[in-house]
Amino acid sequence: MSRASTVLTLALGAFLAAGAGTSQASEASDALADCLYKNTSQADRNAFVQWAFVTIGKADAAKAVTEIPQAKIRQVEKNAQTVLTRIVLKSCSKPAMNVLMTDPKKGLENTLTSLAYKLAADEVAKRTSPVLNLTITDLLNSSVTNLLKR
């Protein structure tokens, strides 16, 4: 592995370990998130969904539902870091370098947040209809009925 690849891998790993935040992603971060999303296999997506799950699982509200063992968290984070590094080096090095140059502090955090949103949206879309057997009309009718009762 070249010195530039090693530095990039270490930088990406450090950013990944920091976790994703809620700040607005920059154009460069969005471009990298798009590149990552477009270049993932189903196994890669599974790794990123698991990473997003354990990241959210650290919140108190999530811990009230289930607690994820630290060893599992470390395993999932290591796997996601490996997948991220591979995809960046193989397919997304240009947008990754752009993120590193334009927003070295929050760029990867914003990228991972954007990627997590895309993956979560995919997962929710697959499951929303069976879980919530409602339409927008049902919701609106219920709201109107409740308003009229007041």
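The values are calculated or read from the model by the stated rules, or taken from the named source; none is laboratory data. This one's a predicted model, so the numbers in the text were calculated from it and none came from an experiment. Note: ideal-geometry Cβ built from the backbone for every residue, glycine included; neighbour counts use all protein chains shown. Remember, those area values only see protein heavy atoms, side chains included, never the ligands or the DNA or RNA. Shrake-Rupley method; radii C 1.70, N 1.55, O 1.52, S 1.80 Å.
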Within segment 44-109, DSSP-loop trypsin sites (Lys or Arg not before Pro) with at most 13 other C-beta atoms within 10 Å are 58, 105
Provide the three semi-axes, in whole Å and in decreasing order, of the ellipsoid equivalent to segment 23-125 as defined by the square roots of 5 times the Cα gyration tensor eigenvalues. 24, 15, 13
Whole-percent carbon and sulfur share, accessible surface of segment 23-125, 1.4 Å: 57 percent
log₁₀ I(q)/I(0) of segment 58-97 at q = 0.23 Å⁻¹, via Debye over equal Cα point scatterers, no solvent, to two decimals? -0.73
Spacing of the two label points (7 Å from each Cα toward its C-beta) at residue 58 and residue 90, in nm: 2.7 nm
Heavy-atom surface of segment 23-125, accessible at 1.4 Å and reported per residue (Å²): 57 Å²
